[in-house]
Amino acid sequence: MKKTSLIKQIVMFAGFGVLVAACAPKEEALKSGYDWAIPETQAMQDDDFSNPAFMWVDIGNDEWSKTDGEAGKSCADCHGADGSSMKGKSNMYPVYNKDDKKLRSIQDEVNNCRTNRMKAKAWKWESDQMLGMAAFIRTQSRDMPINVAVDGDAAPFFEAGKEFYETRRGGLDMACTHCHVDFPGVKIRANVLTNGLGNGFPTYRLKWQKIGSLHRRFRGCNKNIRAQPFKQGSDEYTNLELYLNHRAKGVMNESPSVRN
Amino acid sequence: MAKKPRVKVPKSAKKGEQIQIKTLISHKMETGTRKNKKTGKLIPRMIINTFSCSFNGKELLKATLHPSVAANPYFAFYAKATESGTFDFVWTDDAGKTVSASSKMTVA
């Protein structure tokens with residue numbers, strides 16, 4: 001009998017702790033996945049040369065000045081010879097777009113320029129060119145804080161992303177929060193859980209042995225709990241990306257990162 | 001091996017100085033032990049099996065690679081700067097395909 005009441009007390013006490021934690025002002029930025037990575041993985045990311053993702057940044061850099069499509073234009077013709085005009089931009093994405101009446105990710109902007117302004121073929125989301133270009137563009141804003149707008153026209157999309165993040169789904173009936181909010185720093189099988197942020201994407205994942213998009217990671221995290229994954233570039237994942245980048249507010253962009 | 005290899009050699013060095021050389025090449029390094037998930041058949045081995053570096057035509061380093069090496073092999077090694085010249089790097093895969101790169105260094 002005494003045992004149960006003790007457990008009850010502990011539960012109540014723990015519950016109180018959670019309440020206090022929830023009420024505490026949350027000003028500090030969350031930690032990047034980098035902070036939980038093992039030193040060997042961090043070292044790989046620290047040196048742009050040993051970071052294999054830079055092979056894709058090189059692809060993006062090459063594509064930047066390549067003429068393609070019926071308009072006979074290259075990105076460089078409109079955006080300048082190097083990528084520096086993109087400085088600071090990717091950290092604000094996804095953004096609401098008036099023509100589309102929904103959010104646009106950086107990849108959407110790239111394909112919009114390719115199809116409408118260059119009259120060239122759209123790139124597939126997970127192609128070497130698109131990953132390379134996304135990494136090339138995002139690298140221009142490296143070491144600058146992630147800073148998305150979630151008010152105004154973006155608000156409903158932000159809410160949709162937040163709801164996705166907090167909704168239980170799949171055979172394991174889990175939401176993103178159950179891992180990335182409740183248990184950062186705790187081991188789950190061979191992985192240490194992090195805040196699950198997108199500040200390093202596209203990322204070179206050692207498991208993938210190549211660079212991959214944030215939406216590919218979403219698919220993985222959906223599949224791991226036996227939930228139906230959505231398509232890369234889908235509205236669901238783009239809204240989710242906005243919510244995730246809001247969570248990452250103030251965290252430095254470290255794209256392209258290296259993760260295990 | 002579609003992408004350009006990445007090579008880092010100092011442009012100049014002092015005589016007798018120890019210099020670091022780094023290389024990185026994109027390659028899937030298919031081990032030969034993985035199965036195609038749909039057909040159940042083994043995916044044939046396809047790895048870079050040899051990497052070499054020579055300086056002014058003389059071999060400096062030769063490495064034999066095996067299937068446990070991860071995709072996109074990275075090498076870092078050291079050499080002593082003796083004279084100005086050219087480093088040549090060659091990667092060879094199981095299909096006999098080679099990719100090469102070279103890099104000049106002046107020694108003062």
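The values are calculated or read from the model by the stated rules, or taken from the named source; none is laboratory data. Only a predicted model underlies this, so the values are computations on that prediction, with no experimental measurement involved. With ideal geometry, Cβ positions are generated from the backbone for all residues, glycine too; neighbour counts draw on all protein chains shown.
Would you point out which residue out of A:H215, A:H178 is within 17 Å of the chain's Cα centre (by Cα), more than 14 Å from every other protein chain (Cβ to nearest Cβ) and not β-branched (V, I, T)? Exactly one residue qualifies, and that residue is A:H215. B:I21 falls short on exactly one of the conditions (1) modelled with pLDDT of 95 or more; (2) surrounded by 12 or more Cβ atoms within 10 Å (Cβ to Cβ); (3) away from chain A (no Cβ under 14 Å), and that condition is (3). Out of the residues in the stretch B:46-60 meeting the condition of being crowded, with 17+ Cβ neighbours inside 10 Å and closer than 21 Å to A:Q209 by Cβ, tell me which one is farthest from the other protein chains (Cβ to nearest Cβ). Applying the filter and picking the extreme gives B:N49.
Yes/no per residue for (1) within 14 Å of chain A (Cβ to nearest Cβ); (2) exposed (fewer than 14 other Cβ atoms within 10 Å of the Cβ):
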site	(1), (2)
B:P44	no, yes
B:K62	no, yes
B:H66	no, yes
B:A71	yes, no
B:K80	no, yes
B:G85	no, no
B:V90	no, no
B:A101	yes, no
B:T106	no, yes
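Residue count for the stretch A:183-234 under the criterion of being within 29 Å of A:D58 (Cβ to Cβ) and among the aliphatic types (A, V, I, L, M): the result is 4. Pull up the stretch A:50-85, narrow it to residues that are in contact (Cβ under 8 Å) with a residue 60 or more places away in the chain and not in a helix (DSSP H, G or I), then point me to the one that is nearest to A:I137 (Cα to Cα). Restricting to residues being in contact (Cβ under 8 Å) with a residue 60 or more places away in the chain and not in a helix (DSSP H, G or I), the top hit is A:A53. Only one entry in A:G170, A:G200, A:G233, A:G185 is farther than 30 Å from B:E30 by Cβ and either modelled with pLDDT of 95 or more or within 14 Å of chain B (Cβ to nearest Cβ) (or both), namely A:G170. Would you mind stating whether A:C113 is within 21 Å of A:K223 (Cα to Cα) and not in a loop (DSSP other than H, G, I, E, B)? No; evaluated as a whole, the condition is false for this residue.
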